[in-house]
1. Over the chain, what is the relative contact order in percent, taking alpha-carbon pairs closer than 8 angstrom and at least six residues apart?
2. Measure out, as a whole number of angstrom, how far apart the alpha-carbon centroids of segment 141-168 and segment 58-98 sit.
3. Given points 7 Å out from each Cα along the Cα-Cβ axis, report the GLU38 to GLU106 separation in nanometres with one decimal.
4. Can you tell me the dipole magnitude for the chain around its Cα centre, using point charges on the Cβ only (Lys, Arg +1; Asp, Glu -1), in Debye to the nearest 20?
5. Can you check what the Kirkwood hydrodynamic radius comes to for the chain, Cα pairs only, in Å to one decimal?
6. Output the relative contact order of segment 1-66, whole-number percent, from Cα pairs under 8 angstrom with separation of 6+ residues.
7. Once you list every other residue whose beta carbon is under 12 Å from the beta carbon of ALA40, what net charge do they have if Lys and Arg are +1 and Asp and Glu are -1?
Amino acid sequence: MNHLYLCGFMGCGKSTVGKQLAKGLGTRFLDLDDYIVEKAGKSIPEIFASQGEEAFRDWETKCLSELSQKPRMVIATGGGTLMRPQNVQAAKESGKIVFLDIPFAECYRRIKGDENRPVAARSTPEELEALYNTRREVYSSVCDLSVEQVLSPMETSDLIIQRVKSLG
């Protein structure tokens, strides 16, 4: 097994589940957003403010490509990472994509007012729900495995490990 890429909307629990998953698999966990911040030397809101969203998306593509070449790990992608076909291709070529599916209302409860999430901070609840629906369609179509996020992070992690092993 190579990398496991966790995808899902902002606030779905990718980082929380990812840490448990990496522990259960005995491998490293990496949050793509944290990696971008380290590489860019700026916070995500700073990148958005100084360079714009498109530049941030370019950072995602560059960093995901770098990470896809590294040894096996669990990677939490950003909410918009898999909206670019080349990012989906890089993930598919180097591992499996796991979609953490969670209702919009729960995601919104977790992200509302979060200034570290520029897209969430600048959008109305209606705009976020429309974005959620668009992205959810993409996540569903590109993932190798979809998991409803109704269990605890540890139980979700255990379920993913079971299902990934059955994928081969």
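Since every read-out is calculated from the coordinates, none of them should be taken as a lab result. Here the structure is a predicted model, which means the values were calculated and not measured. No Cβ is skipped: glycine too gets one built from the backbone with ideal geometry, and neighbour counts run over all protein chains shown.
1. 36
2. 18
3. 2.9
4. Its charge dipole is roughly 520 debye.
5. Final number for the Kirkwood radius of the chain is 16.0 Å.
6. 22
7. Working: positive: LYS39, LYS42, LYS62; negative: ASP33, ASP34, GLU38, GLU46, ASP58, GLU60.
Result for the local shell: -3.
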